[in-house]
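Worksheet: the structure to be examined is printed underneath.
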Amino acid sequence: MAGTGGGTPHWAPGDQILWRYRDHAPGPKTGGFHICRPVTVVQDTDDVLAVWMAPGTECVRPMLADGRPLHKEPLATRYTAPRTTERSHWFGTGVLKLARPGEPWSVWLFWERGWRFKNWYVNLEEPRARWSGGIDSMDHFLDISVHPDRSWRWLDEDEFAQAQRVGLMDGERAGRVREAGHAAVEVIEAWGRPFSDGWEAWRPDPLWPVPALPADWDRTPAHMTS
């Protein structure tokens with residue numbers, strides 16, 4: 001990992017880091033994180049952090065305390081039912097994640113098998129905080145799907161509304177999230193970066209190993225930067 005001259009750490013291509021999200025909902029404390037995905041750095045500059053989550057990567061994801069997946073719980077109680085975390089493997093094709101500094105969203109690229117490009121996915125979230133081992137954020141429930149023909153649609157608006165009803169997000173924050181979503185839509189409709197950068201033609205280095213999930217995946221960073 002190298003500095004940029006301004007003190008913000010940059011990782012080198014091939015470095016392995018953690019991409020983590022803190023939990024909104026009540027549940028057993030795991031350092032405050034309920035999602036952790038080991039990833040490989042593709043590119044890290046002042047303009048963009050690009051990482052690859054390989055097929056088969058062992059990750060941490062939230063689950064209900066009784067062992068059921070979250071989507072099995074009715075929406076009305078999905079964010080108030082007791083929950084915990086579990087280790088599981090990412091099945092299917094890998095995901096390329098792109099994050100531009102300070103933007104309250106990241107852009108993910110999905111492919112079908114055989115590298116047929118499927119779609120972009122805009123994940124609305126807190127701007128990511130960087131530390132020596134990776135980046136941390138908090139998901140904001142609302143998302144956007146962008147198709148190869150550049151059409152787009154909102155996703156998870158029901159979950160976004162429910163999070164507000166149960167107090168996980170107040171009206172002021174929800175307003176900021178919706179504003180961020182509209183800002184992302186403006187980028188999509190103008191076909192700005194990173195959509196215009198040609199990442200859908202990118203392929204991972206076949207020599208990269210699948211990163212391992214460390215035992216201390218939920219550790220508290222000693223120092224963080226934005």
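The values are calculated or read from the model by the stated rules, or taken from the named source; none is laboratory data. This is a predicted model, so every value here is computed, not measured. Cβ: placed from backbone, ideal geometry, glycine included. Neighbour counts: every protein chain shown.
For the reader, a short list of remarks on this structure follows.
- Residue match in region 164-177 (condition: of a type in the set (S, T, N, Q) and either in contact (Cβ under 8 Å) with a residue 24 or more places away in the chain or farther than 24 Å from His71 by Cβ (or both)): no
- Qualifying residues in region 152-163 (those that are in contact (Cβ under 8 Å) with a residue 24 or more places away in the chain and of a type in the set (Asp, Glu)) - the one surrounded by the most Cβ atoms within 10 Å (Cβ to Cβ): Glu159
- Selection from region 103-148 of residues that are over 23 Å from Gly92 (Cα atoms) and more than 15 Å from the chain's Cα centre (by Cα): Trp131, Ser132, Gly133
- Pairs, first closer than 20 Å to Ala163 by Cβ and of a type in the set (Phe, Trp, Tyr) in region 26-40, second at pLDDT 90 or above and assigned to a strand (DSSP E or B), C-beta under 6 Å, six or more apart: Phe33/Arg20; Phe33/Arg22
- Every condition in (1) touching a residue at least 24 places away in the same chain (Cβ under 8 Å); (2) assigned to a loop (DSSP other than H, G, I, E, B) holds for Gly181 except the one numbered (2).
- Looking at Ala76, Ala129, just one residue is hydrophobic (A, V, I, L, M, F, W, C), farther than 25 Å from Trp11 by Cβ, surrounded by fewer than 19 Cβ atoms within 10 Å (Cβ to Cβ) and touching a residue at least 40 places away in the same chain (Cβ under 8 Å), and that residue is Ala76.
- Residues in region 149-172 that are more than 17 Å from the chain's Cα centre (by Cα) and either of a type in the set (A, V, I, L, M, F, W, C) or under 28 Å from Val51 (Cα atoms) (or both): 11 in all.
- Per the listing Arg219, Arg203, the residue uniquely assigned to a loop (DSSP other than H, G, I, E, B) and over 19 Å from the mean Cα position of the chain (by Cα) is Arg203.
- Test: residue in region 94-112 that is free of Cβ contacts under 8 Å to residues at least 12 places away in the same chain and either assigned to a helix (DSSP H, G or I) or within 25 Å of Pro214 (Cα to Cα) (or both): no
- Members of region 79-116 that are of a type in the set (Phe, Trp, Tyr) and surrounded by 14 or more Cβ atoms within 10 Å (Cβ to Cβ): Tyr79, Trp90, Trp105, Trp108, Phe110, Trp111
- Filtered residues of region 125-139 (kept if of a type in the set (D, E, K, R), assigned to a strand (DSSP E or B) and closer than 24 Å to Leu155 by Cα): Glu125, Asp136, Asp139
- Residue that is polar (S, T, N, Q) and touching a Phe, Trp or Tyr at 6+ places or on another chain (Cβ under 9 Å), where the choices are Ser145, Ser132, Ser151: Ser145
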